[in-house]
């Protein structure tokens, strides 16, 4: 009776899991920047349904397919992240990552071997996904002034948690033959609840994400170090032109200012502009623009002529589009809140 109830509970939970993943696929389809994750959630739906059917004994002459899903989990995560950030190199090259899972469909009699191989592959692909997200962060700060609104640090943390849970799940699956049935059922349920929670956070995160920079493949070289000897005078000359353009034309007031826009106005290459900003200012593009914004904001907060203008309006008029981002940047620069800074300077 104890074991029967455990299996029944697992089946019900798997059906709820499958429904939630199907619902997630519908939701992300409605958001253009996260639409590429539809296949990920469809895959999760099919995995849950396969688990339910096989647990109930519905297989084709004893033929099981869930081990193949184990091998496919890592590639599906990796390809989903690649598509989300725009690092995909094409359908045929992406499809090669799924070749081994497809081949394994004919080898599912070697269940434990496929589970072990799938777990190792999953961890390898998760590491590759984390590296991709690191490159994404470096690149977006080189390209956009409002990089903070495109930050995917939450996804990096989520993948880290998923990797830890996957390691414990790897242990669970490989000790199944010697685990008593009641403990086996509850251990499995605990991991499924964990994965359910992680994928729920993923769904909420991609829906709430303000923007996603989906052109990593186009700009990724900007974040890569160039050890070639560069002309310091040329860097200073380009930076002077960029700085003049940004300040005199008030480009820093544009919340979504991109490095491409400045490069086009100066008829320069994006890589030249990025190199000059990094070399001379010591900042990436996003931090450089925010420094210019903060300089202007400090002047206006200290000017009695702006005494009737709210701090938030001053920040928004100078290019910041989020109160939390502005407050954090201002406090990092000055060591105090904008309101305290204003009161202190106006009194003096």
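Looking at 233, 211, 220, which is the one that is part of a helix (DSSP H, G or I) and either at pLDDT 85 or above or closer than 17 Å to residue 70 by Cβ (or both)?
Values: 211 fails: part of a helix (DSSP H, G or I); 220 fails: either at pLDDT 85 or above or closer than 17 Å to residue 70 by Cβ (or both).
That would be 233, the only listed residue that is part of a helix (DSSP H, G or I) and either at pLDDT 85 or above or closer than 17 Å to residue 70 by Cβ (or both).
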Of the listed residues (246, 206, 242), the one being assigned by TED's automatic domain parsing to the domain that holds residue 113, closer than 25 Å to residue 321 by Cβ and at pLDDT 90 or above is 206
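Considering 324, 279, which residue is modelled with pLDDT under 95 and either over 24 Å from residue 144 (Cβ atoms) or more than 26 Å from the chain's Cα centre (by Cα) (or both)? Give the derivation first.
Values: 324 fails: either over 24 Å from residue 144 (Cβ atoms) or more than 26 Å from the chain's Cα centre (by Cα) (or both).
Testing whether each residue is modelled with pLDDT under 95 and either over 24 Å from residue 144 (Cβ atoms) or more than 26 Å from the chain's Cα centre (by Cα) (or both) leaves just 279.
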Qualifying residue in the stretch 260-275 (condition: in the same structural domain as residue 315 (by TED's automatic domain parsing), within 21 Å of residue 315 (Cα to Cα), in contact (Cβ under 8 Å) with a residue 40 or more places away in the chain and touching a helix residue (DSSP H, G or I) at 6+ places or on another chain (Cβ under 7 Å)): no
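For the stretch 140-173, give me each residue that is over 22 Å from residue 67 (Cα atoms) and without any contact (Cβ under 8 Å) to a residue 60 or more places away in the chain.
Looking only at the stretch 140-173, we keep the residues that are over 22 Å from residue 67 (Cα atoms), and these are 140-158, 160-161.
151, 153, 154, 156, 157, 158, 160, 161, listed by residue number.
If a residue has to be in a helix (DSSP H, G or I) and either crowded, with 16+ Cβ neighbours inside 10 Å or modelled with pLDDT of 90 or more (or both) to count, how many in the stretch 87-98 make the cut? Before the answer, list the steps.
Going residue by residue through the stretch 87-98, those that are in a helix (DSSP H, G or I) are 91-98.
From the residues that got through so far, the ones that are either crowded, with 16+ Cβ neighbours inside 10 Å or modelled with pLDDT of 90 or more (or both) too are 97.
Residues meeting the conditions: 1.
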Kindly indicate the residue of the stretch 5-62 that is closer than 24 Å to residue 77 by Cβ and not in a helix (DSSP H, G or I) and also modelled with the lowest pLDDT among those meeting that condition. 31
Has the stretch 69-86 got at least one residue that is at pLDDT below 75, buried (at least 16 other Cβ atoms within 10 Å of the Cβ) and not in a helix (DSSP H, G or I)? no
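Yes or no, residue by residue, for (1) part of a helix (DSSP H, G or I); (2) in contact with a strand residue (DSSP E or B) (Cβ under 8 Å, 6 or more places away or on another chain); (3) crowded, with 21+ Cβ neighbours inside 10 Å:
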position: 246; (1), (2), (3): yes, no, yes
position: 255; (1), (2), (3): no, no, no
position: 261; (1), (2), (3): yes, no, no
position: 264; (1), (2), (3): yes, no, no
position: 280; (1), (2), (3): yes, no, no
position: 287; (1), (2), (3): yes, no, no
position: 298; (1), (2), (3): yes, no, no
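The values are calculated or read from the model by the stated rules, or taken from the named source; none is laboratory data. Model, not experiment: these values are computed from the prediction. Note: ideal-geometry Cβ built from the backbone for every residue, glycine included; neighbour counts use all protein chains shown.
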